[in-house]
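> Okay, handing you the structure first.
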Amino acid sequence: MPENVSARARAILPFVVMDVVARAKELEKAGHDVVRMDVGDPDFPTPDVVTKAAEAAMEAGETGYTQSLGLPDLRDAVSARFASKYGITVDPCDIVVTQGTSPAMLLLFGSLLDPGGEVIMADPCYPAYPNYVNFLGGVPVRVPALAKDGFAMQPDAIRAAITPRTRCIMLNSPGNPTGAVLPSEHLAEVAAIAEGAGIWIASDEIYHGLTYGESAHSVLEFTDRAFVLNGFSKLYAMTGWRLGYLVAPREFVRPAEVIQQNFFLCANHFVQIAGVVALTQAGEDVERMRTTYDERRRFLVPALRELGLRVDVEPSGAFYVFADARCWGDDSLALSRRLLEEAFVASAPGIDFGPGGEGFLRFSYATSIERLQEGVQRLRAWATAG
Ligand SMILES: Cc1ncc(COP(=O)(O)O)c(C=O)c1O
């Protein structure tokens with residue numbers, strides 16, 4: 001980046017998978033058929049009932065600003081979801097509606113971090129976490145989350161990473177890129193560590209509901225010293241709608257509200273109305289999508305293993321398989337580029353998720369089983385020819 005660009009902007013690392021997306025689109029434009037296993041963007045349309053609610057809201061003129069905290073109906077519906085799903089009470093006053101989970105991260109880290117404030121996070125993890133923390137002058141502290149430990153940061157390593165500057169521990173289960181679901185005992189243990197150290201937990205629960213075994217637990221079942229981030233993108237196939245929320249401890253709600261007022265004003269009015277409908281009426285659609293993801297998962301995991309890739313931890317949530325691809329090459333960026341250019345299969349390089357992801361490729365199964373079959377067949381042909 002040119003030198004007259006701010007140091008803060010220069011410090012943000014590119015989200016490499018978005019570069020993969022751009023190159024895949026170029027290849028497609030040039031007439032190539034690319035099997036897209038790169039991004040986590042559901043291939044399902046948004047449930048009809050949600051789309052219709054947005055249309056009706058737009059027709060009714062619900063197109064202005066709302067309260068920065070979000071529509072009371074939506075905050076009530078989110079609170080009701082916490083009660084029905086996890087049996088916990090979340091006061092609607094502690095919920096801030098945002099334009100997706102990503103802006104909720106700005107509210108969270110913006111209200112929690114001073115320069116030098118440290119955030120403990122898994123390596124590998126979703127790349128926006130370290131980038132947000134860096135952008136706000138904080139320090140990401142990466143703790144290994146190894147396949148042999150089910151991609152969970154080990155409690156002793158978390159304890160060892162805590163310093164007087166630590167502000168919070170970031171959790172993400174089901175996880176991106178690993179698809180791993182953290183067991184409830186683990187959440188309880190990390191919650192106890194945070195409470196003992198007087199720090200906070202930030203739990204990104206965006207893949208909740210997309211689990212293929214035991215359901216995921218909310219960290220709020222184990223502690224009040226926690227922020228929860230969530231959004232509608234994945235579960236409801238609403239990535240382009242931009243809707244999410246932050247649950248914050250009471251003392252952080254007003255600061256988050258003020259950040260929201262200044263930077264974003266509010267989430268889209270009609271999208272918030274549709275969000276209420278998603279939470280209350282899209283259950284069958286969600287179950288249909290979840291079942292389909294599971295079928296794909298049950299195809300893809302053994303198929304990748306047959307190709308020689310290692311999938312030591314059976315992914316049981318989200319829609320990703322994080323496969324150790326070192327049998328094909330140690331440099332995950334070079335490897336994913338080769339697979340794209342030579343086999344026309346798009347994947348995400350593990351290095352995108354931190355040094356701990358090097359040697360891995362993330363395959364998304366947010367695409368049809370026919371395309372996954374085609375992708376696997378191309379990978380097989382590529383590996384055999386190479
Ligand atoms: C773990 C995780 N958090 C947050 C996001 C961003 O979600 P949103 O579309 O709600 O901003 C993603 C998107 O891939 C994700 O994987």
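> Return the residues of the stretch 307-345 that are open to solvent by less than 10 Å² (accessible area, probe 1.4 Å), farther than 22 Å from VAL34 by Cα and of a type in the set (Val, Ile, Thr); say none if nothing qualifies.
Within the stretch 307-345, VAL311 is the sole residue that qualifies.
> Would you confirm whether or not the stretch 192-201 contains a residue that is of a type in the set (A, V, I, L, M), over 23 Å from PRO42 (Cα atoms), surrounded by 24 or more Cβ atoms within 10 Å (Cβ to Cβ) and more than 16 Å from the ligand (Cβ to nearest atom)?
yes
> Just one of GLY209, GLY231 is closer than 20 Å to THR66 by Cβ and either within 21 Å of the chain's Cα centre (by Cα) or at pLDDT below 95 (or both); which is it? Break it down into steps so the answer makes sense when it comes.
On the way: GLY209 fails: closer than 20 Å to THR66 by Cβ.
Among GLY209, GLY231, only GLY231 is closer than 20 Å to THR66 by Cβ and either within 21 Å of the chain's Cα centre (by Cα) or at pLDDT below 95 (or both).
> For the stretch 160-190, give me the residue count where each residue is in a loop (DSSP other than H, G, I, E, B) and within 16 Å of the ligand (Cβ to nearest atom).
Step one: of the stretch 160-190, the residues in a loop (DSSP other than H, G, I, E, B) are 162-165, 173-183.
If we keep only those that are within 16 Å of the ligand (Cβ to nearest atom) too, we end up with 173-182.
Of the residues in the stretch 160-190, 10 are in a loop (DSSP other than H, G, I, E, B) and within 16 Å of the ligand (Cβ to nearest atom).
> Something else now. Tell me whether the stretch 208-221 contains one or more residues that are β-branched (Val, Ile, Thr), free of Cβ contacts under 8 Å to residues at least 60 places away in the same chain and more than 11 Å from the ligand (Cβ to nearest atom). Even if it seems obvious, please write down each step before you answer.
Filtering the stretch 208-221 for residues β-branched (Val, Ile, Thr) gives 211, 219.
In the following step, the residues that additionally are free of Cβ contacts under 8 Å to residues at least 60 places away in the same chain were identified as 219.
Right, trim to more than 11 Å from the ligand (Cβ to nearest atom) and you get 219.
So far as the stretch 208-221 goes, yes, one or more of its residues are β-branched (Val, Ile, Thr), free of Cβ contacts under 8 Å to residues at least 60 places away in the same chain and more than 11 Å from the ligand (Cβ to nearest atom).
> What is the number of the single condition among (1) open to solvent by less than 40 Å² (accessible area, probe 1.4 Å); (2) assigned to a loop (DSSP other than H, G, I, E, B); (3) among the hydrophobic types (A, V, I, L, M, F, W, C); (4) in contact with a strand residue (DSSP E or B) (Cβ under 8 Å, 6 or more places away or on another chain) that ALA366 does not meet?
(4)
> Return the residues of the stretch 28-85 that are touching a Gly at 6+ places or on another chain (Cβ under 6 Å) and either within 21 Å of ASN268 (Cα to Cα) or assigned to a helix (DSSP H, G or I) (or both); say none if nothing qualifies. Step through it out loud before you land on a result.
Narrowing the stretch 28-85 to residues touching a Gly at 6+ places or on another chain (Cβ under 6 Å): 35, 37, 74.
Across the stretch 28-85, the qualifying residue is only LEU74.
> Quick one: which residue in THR89, THR98 is within 26 Å of LEU182 (Cα to Cα) and either charged (D, E, K, R) or free of Cβ contacts under 8 Å to residues at least 12 places away in the same chain (or both)? Break it down into steps so the answer makes sense when it comes.
Values: THR98 fails: either charged (D, E, K, R) or free of Cβ contacts under 8 Å to residues at least 12 places away in the same chain (or both).
Result of the check over THR89, THR98: THR89.
> Might you let me know whether the stretch 97-109 holds any residue that is part of a strand (DSSP E or B), within 23 Å of the chain's Cα centre (by Cα) and either within 16 Å of the ligand (Cβ to nearest atom) or crowded, with 18+ Cβ neighbours inside 10 Å (or both)? So that I can check it myself, show each step before the final result.
Looking only at the stretch 97-109, we keep the residues that are part of a strand (DSSP E or B), and these are 97-98.
Imposing the further condition that a residue be within 23 Å of the chain's Cα centre (by Cα) reduces the set to 97-98.
Filter once more, keeping what is either within 16 Å of the ligand (Cβ to nearest atom) or crowded, with 18+ Cβ neighbours inside 10 Å (or both): 97-98.
Checked the stretch 97-109: at least one residue is part of a strand (DSSP E or B), within 23 Å of the chain's Cα centre (by Cα) and either within 16 Å of the ligand (Cβ to nearest atom) or crowded, with 18+ Cβ neighbours inside 10 Å (or both).
> Another one. Can you tell me which residues in the stretch 115-150 are free of Cβ contacts under 8 Å to residues at least 24 places away in the same chain and more than 16 Å from the ligand (Cβ to nearest atom)? Before the answer, list the steps.
Taking the stretch 115-150 first, the residues free of Cβ contacts under 8 Å to residues at least 24 places away in the same chain are 115, 140, 143, 149.
Listed by number, the residues that qualify are PRO115, VAL143, ASP149.
> Can you name the residue in the stretch 222-232 that is open to solvent by 10 Å² or more (accessible area, probe 1.4 Å) and either in contact (Cβ under 8 Å) with a residue 40 or more places away in the chain or of a type in the set (Asp, Glu) (or both) and is also farthest from the ligand (Cβ to nearest atom) among such residues? Give the derivation first.
Just the residues of the stretch 222-232 that are open to solvent by 10 Å² or more (accessible area, probe 1.4 Å), to begin with: 222, 224-225, 230.
Okay, now just the ones that are also either in contact (Cβ under 8 Å) with a residue 40 or more places away in the chain or of a type in the set (Asp, Glu) (or both), so 224, 230.
On the way: ASP224: 22, ASN230: 8 Å.
This residue is ASP224.
The values are calculated or read from the model by the stated rules, or taken from the named source; none is laboratory data. Since the structure is predicted, the reported quantities are computational estimates derived from the model, not experimental observations. In this analysis, Cβ positions are derived from the backbone assuming ideal geometry, glycine residues included, and neighbour counts consider all displayed protein chains. Heads up: the accessible areas ignore ligands, DNA and RNA and are worked out on the full protein's heavy atoms, side chains in. Shrake-Rupley method; radii C 1.70, N 1.55, O 1.52, S 1.80 Å.
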